[in-house]
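Report on the structure given below.
The values are calculated or read from the model by the stated rules, or taken from the named source; none is laboratory data. Source: prediction; values computed, not measured. Every residue, glycine as well, gets a Cβ built from its backbone with ideal geometry; the counts of neighbours run over all protein chains shown. For accessibility, only protein heavy atoms count, side chains too; no ligands or nucleic acids. Shrake-Rupley method; radii C 1.70, N 1.55, O 1.52, S 1.80 Å.
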Amino acid sequence: MRHAHPLLPFPALLAFACGSPEPKPEDVQSEAEAQLDEEEEVAQDAPAFPTRPLFGDTHLHTSFSFDAGTFGARLEPADAYRFAKGQEVTATVSGLPAKLSRPLDFLVVADHSENLGFFRALKDGDERVMANEYGRKWHEAVVAGGQASVDASIEIIKMFSQGQFPEELTLSPEQTRPMWQEVIQAAEDANDPGRFTAFIGYEWTSMPSSQNLHRVVIFKDGGDKAGQVVPFSADISDDPEKLWDAMDAYEDRIGGRVLAIPHNGNLSNGLMFALTTQEGRSFDADYARRRMQHEPLYEVTQIKGDGEAHPFLSPNDEFADYETWDVGNLDASIKKTDDMLAGEYAREALKTGLRLQTELGANPFAFGMIGSTDSHTALATADSDNFFGKHSGVEPSAVRASHQVISGEAGELYGWQMTASGYAAVWAHQNTRASIFEAMERKETYATTGPRMVVRFFGGWDFSEEDSAGDVAEVGYDRGVPMGGTLAAPGDGQAAPTFLVSVLKDPEGANLDRAQVVKGWVDAEGKTHEKVYDVVWSGDRVPGEDGKVGPVGSTVDEAKATYENTIGAPQLTRTWTDPDFDPARPAFYYVRVLQIPTPRWTAYDRVRFDAKVPDGVPMSTQERAYTSPIWYTPNEGSP
Amino acid sequence: MSTLRRLASEPLVQFLAIGACVFALAGPAPSSDEIVIDEGLVWSITTRWQAARQRPPTQAELDEEIAQHLRQEVLTREAMKMGLHHDDIVIQRRLAQKMDFLASDLGGAGAFGMDELRAWHTEHAELFTEPATVGLRQVLFTEEQHTDPKDAAWVAYAAISADPPTVPTGDASLLPASLEAATAQDLRATFGPGFASGVMKAEGLGWLPPIASSFGVHLVEVTSLTPARPLSFEEARDDVQAELTRARRMQAREDFYQAALERYEVIWDLPDELVAEAP
């Protein structure tokens with residue numbers, strides 16, 4: 001036999017053999033160069049500072065993910081990008097037309113790297129699949145569709161997360177290469193510098209004993225670089241440090257840039273922000289710096305619950321119990337206990353980071369915040385009135401609220417517990433891969449649970465009340481640092497840090513209830529503390545003796561799924577000075593914004609589909625935004 | 001269009017070309033029972049391994065990969081001798097897919113002639129336009145500052161054309177006071193849909209009557225107006241190339257299928273009630 005190099009794609013071979021008009025390698029190169037040129041051309045018009053936040057989803061699955069496909073998704077990355085750009089597509093299972101109220105500015109299709117494209121093989125009844133008892137069973141279930149397919153998917157995820165997935169059915173990383181090329185091609189085709197950014201990315205699905213350590217990996221680069229590797233797989237290692245090794249290798253060898261964003265610490269049973277490395281070593285400064293270099297952001301809110309704060313950890317915060325998922329780990333096989341919570345929630349981790357910084361000289365948890373959907377439908381929906389659910393089996397319907405989505409020894413989670421959340425807001429100068437990626441690296445980002453609020457947050461030492469009267473950007477960048485930054489050292493006579501907090505409502509959404517500053521600090525004994533300050537609120541409410549402002553009220557008509565903007569404010573702005581500042585102690589400050597109550601997605605489902613929603617299910621919600629913190633470190637120095 | 005290009009776009013010629021290529025690929029009749037393990041194979045295994053794991057394989061891993069390759073090669077050939085590849089839905093689907101790819105590659109790739117691109121641009125001008133933009137200044141009247149912001153806005157609007165004219169000031173706001181060259185989509189993202197459609201209706205420069213948004217009531221002065229315009233061929237060239245490539249690929253795929261289909265006699269042997277359902 002004449003030996004053919006299996007690496008070359010078939011059409012390339014053809015070109016080689018016949019001299020057909022297939023593009024030569026130089027042509028491919030010049031295509032990548034053309035994209036770069038376009039980015040650079042756009043970059044010439046860059047404003048001095050970011051003028052509007054870009055909204056996007058960094059974490060979306062399509063049918064290329066083995067679990068999404070089994071759940072019934074048929075839409076592929078190209079469909080996902082089309083949908084994010086504001087075009088209409090047809091949802092797979094429900095057949096409903098799906099369209100966003102407004103386009104997004106950017107999207108990362110982040111399919112699971114493990115068994116990327118497995119679903120296609122399963123659906124097609126690939127030989128290898130049919131040779132396996134489970135493979136045959138699942139193939140039949142997928143062909144049958146409906147609940148059988150959903151049940152199969154749950155079983156697949158369960159076996160996968162328990163490490164019991166049949167080895168014969170596991171695709172090697174190399175076998176996923178053709179699908180990876182398709183993922184890349186879809187992003188390249190959709191990327192439109194200046195107007196819409198399509199990032200190349202994937203999800204590394206590490207979950208020792210079903211304890212969720214997943215990370216979404218995002219490339220700054222185009223296919224010319226990202227195509228030279230295949231996604232790192234948790235089958236090779238489930239240790240984040242090994243993922244960082246692979247990221248380093250890519251950056252050193254190919255010359256690209258890449259970052260990772262962890263999510264769902266709430267399903268990690270304390271492992272996400274554990275105090276030792278995966279190998280059981282104690283942290284040191286090198287580890288801390290390395291972690292933050294690779295993982296500058298944390299995905300704090302998404303469909304599988306909100307991870308900002310937990311009422312057990314923050315008993316004095318009446319808004320801490322928001323869309324809480326605290327039954328157990330990812331498949332509810334191991335019950336959650338209170339001692340695990342400190343390793344799961346963002347606010348607590350930020351506090352722990354301050355303590356570790358005083359001990360190690362570097363902070364391993366100095367992350368910024370974003371939200372994203374983690375939808376497995378190829379539809380990046382986070383609006384409560386337009387929510388397509390976690391996977392295709394729970395697209396809008398009369399019964400999805402009462403469906404079981406996770407069930408194990410620790411308990412059950414039901415469809416109604418899905419959270420219509422969230423999006424990533426990024427203060428980038430421009431809508432390009434480079435500009436958005438760099439804003440993520442400097443953590444100039446915030447999370448929203450869906451609404452597109454405009455949140456500005458600057459820290460400095462001499463902001464006055466007049467500085468927050470109008471557009472705060474110019475003065476903020478001039479005399480302070482934006483969210484994600486670290487306060488410079490105070491000058492003479494500057495006793496406490498001042499902050500500009502400025503919020504505009506979503507132009508197509510609900511009014512604002514209040515903006516709060518959440519402060520965390522560590523005392524001289526090494527004990528961590530937190531305090532939530534109401535900074536600016538709507539109406540003429542007067543804070544009580546405890547300094548807290550009462551509820552804004554509600555205009556929600558749950559039976560009709562409507563609300564009125566007759567309460568709350570369209571904009572909130574104020575200059576705030578920390579009243580309890582101690583210059584000797586490290587601290588962080590971030591802003592939490594609350595909307596007035598609006599109908600939850602369950603209320604819309606009940607009205608639209610006459611859905612059966614179990615008693616006691618919440619029908620209204622207070623959507624919110626969380627900014628990246630601004631840190632203060634005594635005697636300066638980045639965290 | 002060169003003779004060669006015209007020829008190349010004939011489906012039958014494409015079919016023959018593909019046939020020739022497949023033959024060239026397969027080499028002389030695969031009767032030989034030779035299986036060559038050479039440096040080429042090692043190179044491709046190593047490259048794949050490197051990409052997946054960020055390191056080359058060890059000797060033991062390489063040996064294992066080669067053994068697997070050999071096993072697969074032998075079994076594949078035996079299976080083909082036994083005709084197991086016939087009537088296998090997965091293999092058939094994969095082969096059909098490869099033919100589709102081949103056909104579309106022949107149709108769409110490569111450089112187009114400038115005349116061809118220009119003609120395509122002219123024929124599909126509607127695909128290549130730049131959206132209209134406006135430059136504006138705006139002031140806001142809020143419910144917080146006025147019992148009736150709409151009324152306040154109308155009063156201020158009337159004062160603009162009074163003698164002497166008064167430029168309205170409005171209330172403090174975090175919204176941008178001015179924008180340059182904003183599209184309808186930009187306006188919607190910042191001010192909402194009602195504001196965007198109100199402003200985009202402007203027919204000339206100057207102050208517009210009050211426009212409501214969910215922030216309050218605005219007075220807007222349009223400072224520049226650029227209508228939507230067709231992009232010239234030079235501006236749209238990259239997009240034209242991409243669109244034409246896409247269109248040609250789809251066309252080539254379909255042409256190829258139709259040409260191939262003609263070489264077969266399809267016998268429809270279905271009971272009447274199923275005919276309508278047939279593909």
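Please determine whether any residue of the stretch A:347-361 is closer than 30 Å to A:Ala524 by Cα and among the β-branched types (Val, Ile, Thr).
Pass one, the stretch A:347-361, residues closer than 30 Å to A:Ala524 by Cα: A:347-361.
This time we only want the ones that are among the β-branched types (Val, Ile, Thr), so: A:352, A:358.
Looking for residues that are closer than 30 Å to A:Ala524 by Cα and among the β-branched types (Val, Ile, Thr), one finds at least one in the stretch A:347-361, hence yes.
Can you find a residue in the stretch A:80-90 that is in contact (Cβ under 8 Å) with a residue 24 or more places away in the chain, among the small types (Gly, Ala, Ser), touching a strand residue (DSSP E or B) at 6+ places or on another chain (Cβ under 8 Å) and within 14 Å of another protein chain (Cβ to nearest Cβ)?
Initial filter on the stretch A:80-90 (in contact (Cβ under 8 Å) with a residue 24 or more places away in the chain): A:80-85, A:89.
Narrowing the set further to residues that are among the small types (Gly, Ala, Ser) leaves A:80, A:84.
Checking the rest, the ones that are also touching a strand residue (DSSP E or B) at 6+ places or on another chain (Cβ under 8 Å) come to A:80, A:84.
Checking which are within 14 Å of another protein chain (Cβ to nearest Cβ) leaves us with A:84.
Checking the stretch A:80-90: at least one residue is in contact (Cβ under 8 Å) with a residue 24 or more places away in the chain, among the small types (Gly, Ala, Ser), touching a strand residue (DSSP E or B) at 6+ places or on another chain (Cβ under 8 Å) and within 14 Å of another protein chain (Cβ to nearest Cβ).
Residues in the stretch A:238-251: is at least one farther than 17 Å from A:Ala186 by Cβ, in a loop (DSSP other than H, G, I, E, B) and either at the interface with chain B (Cβ under 10 Å from one of its Cβ atoms) or not hydrophobic (A, V, I, L, M, F, W, C) (or both)? Outline the logic, then answer.
Within the stretch A:238-251, the first condition is being farther than 17 Å from A:Ala186 by Cβ, and the residues that meet it are A:238-251.
Subsequent filtering for residues that are in a loop (DSSP other than H, G, I, E, B) retains A:238-239.
Now drop any that are not either at the interface with chain B (Cβ under 10 Å from one of its Cβ atoms) or not hydrophobic (A, V, I, L, M, F, W, C) (or both), which leaves A:238-239.
Scanning the stretch A:238-251, I find at least one residue that is farther than 17 Å from A:Ala186 by Cβ, in a loop (DSSP other than H, G, I, E, B) and either at the interface with chain B (Cβ under 10 Å from one of its Cβ atoms) or not hydrophobic (A, V, I, L, M, F, W, C) (or both), so the answer is yes.
Please pick out the residue among A:Pro579, A:Pro570 that is in contact (Cβ under 8 Å) with a residue 24 or more places away in the chain, exposed (fewer than 12 other Cβ atoms within 10 Å of the Cβ) and either in the same structural domain as A:Ala515 (by TED's automatic domain parsing) or out of contact with any helix residue (DSSP H, G or I) (no Cβ under 7 Å at 6 or more places or on another chain) (or both). Step through it out loud before you land on a result.
Values: A:Pro570 fails: exposed (fewer than 12 other Cβ atoms within 10 Å of the Cβ).
None of the others qualify; the one that does is A:Pro579.
Just to be sure I understand, how many residues within the stretch A:458-492 are assigned to a strand (DSSP E or B) and within 14 Å of chain B (Cβ to nearest Cβ)?
Of the stretch A:458-492, the ones assigned to a strand (DSSP E or B) are A:458-460, A:481-482, A:486.
After this cut, where a residue has to be within 14 Å of chain B (Cβ to nearest Cβ) as well, the list is A:458.
Result for the stretch A:458-492: 1.
If I ask for residues that are part of a loop (DSSP other than H, G, I, E, B), modelled with pLDDT of 95 or more and either more than 14 Å from every other protein chain (Cβ to nearest Cβ) or open to solvent by 10 Å² or more (accessible area, probe 1.4 Å) (or both), which ones from the stretch A:493-506 would you list?
Of the residues in the stretch A:493-506, the ones part of a loop (DSSP other than H, G, I, E, B) are A:493-497, A:505-506.
Filter again for modelled with pLDDT of 95 or more, leaving A:496-497, A:505-506.
Within the stretch A:493-506, A:Ala496, A:Pro497 meet the criteria.
Please tell me if A:Asp321 is part of a loop (DSSP other than H, G, I, E, B), open to solvent by 10 Å² or more (accessible area, probe 1.4 Å) and either basic (Lys, Arg) or without any contact (Cβ under 8 Å) to a residue 24 or more places away in the chain (or both).
yes
Tally up the residues in the stretch A:98-143 that are surrounded by 17 or more Cβ atoms within 10 Å (Cβ to Cβ), within 30 Å of B:Gly192 (Cα to Cα) and of a type in the set (D, E, K, R), please.
The qualifying residues number 2.
Among the residues of the stretch A:302-312, how many are over 19 Å from A:Ser206 (Cα atoms) and either open to solvent by less than 30 Å² (accessible area, probe 1.4 Å) or modelled with pLDDT under 95 (or both)? Write out each step before concluding.
First, the residues of the stretch A:302-312 that are over 19 Å from A:Ser206 (Cα atoms): A:306, A:308-312.
When the remaining residues are screened for being either open to solvent by less than 30 Å² (accessible area, probe 1.4 Å) or modelled with pLDDT under 95 (or both), the result is A:306, A:308-310.
Total meeting the criteria: 4.
Given the conditions (1) under 27 Å from B:Pro131 (Cα atoms); (2) at pLDDT below 95, which single one is not true for B:Val220?
Looking at each condition in turn, B:Val220 falls short on (2).
Using beta carbons and a limit of 7 Å, which pairs, at least six apart or on different chains, have the first residue in the stretch A:142-162 and at positive phi and the second one open to solvent by less than 60 Å² (accessible area, probe 1.4 Å)?
A:Gly145/A:Gly72
Answer yes if at least one residue in the stretch A:256-263 is open to solvent by 10 Å² or more (accessible area, probe 1.4 Å) and not in a strand (DSSP E or B), and no otherwise. I'd like the intermediate steps shown before the answer.
Pass one, the stretch A:256-263, residues open to solvent by 10 Å² or more (accessible area, probe 1.4 Å): A:257.
With the extra rule that they be not in a strand (DSSP E or B), the set shrinks to A:257.
Yes, some residue in the stretch A:256-263 is open to solvent by 10 Å² or more (accessible area, probe 1.4 Å) and not in a strand (DSSP E or B).
Among the residues in the stretch A:117-127, are any at pLDDT 85 or above and of a type outside the set (Ser, Thr, Tyr)? Even if it seems obvious, please write down each step before you answer.
Step one: of the stretch A:117-127, the residues at pLDDT 85 or above are none.
Within the stretch A:117-127, not a single residue is at pLDDT 85 or above and of a type outside the set (Ser, Thr, Tyr).
When the residues of the stretch B:37-60 are narrowed to those that are in a loop (DSSP other than H, G, I, E, B) and within 7 Å of chain A (Cβ to nearest Cβ), which ends up modelled with the lowest pLDDT?
As a first pass, look at the stretch B:37-60 and keep what is in a loop (DSSP other than H, G, I, E, B): B:37-38, B:54-58.
Then drop every residue that is not within 7 Å of chain A (Cβ to nearest Cβ), which leaves B:38, B:54.
Numbers: B:Asp38: 89, B:Gln54: 70.
Looking at the filtered set, the residue picked out is B:Gln54.
Within the stretch A:79-114, count every residue that is closer than 19 Å to A:Lys390 by Cβ, more than 19 Å from the chain's Cα centre (by Cα) and not in a loop (DSSP other than H, G, I, E, B).
Summing the residues that are closer than 19 Å to A:Lys390 by Cβ, more than 19 Å from the chain's Cα centre (by Cα) and not in a loop (DSSP other than H, G, I, E, B) in the stretch A:79-114 gives 4.
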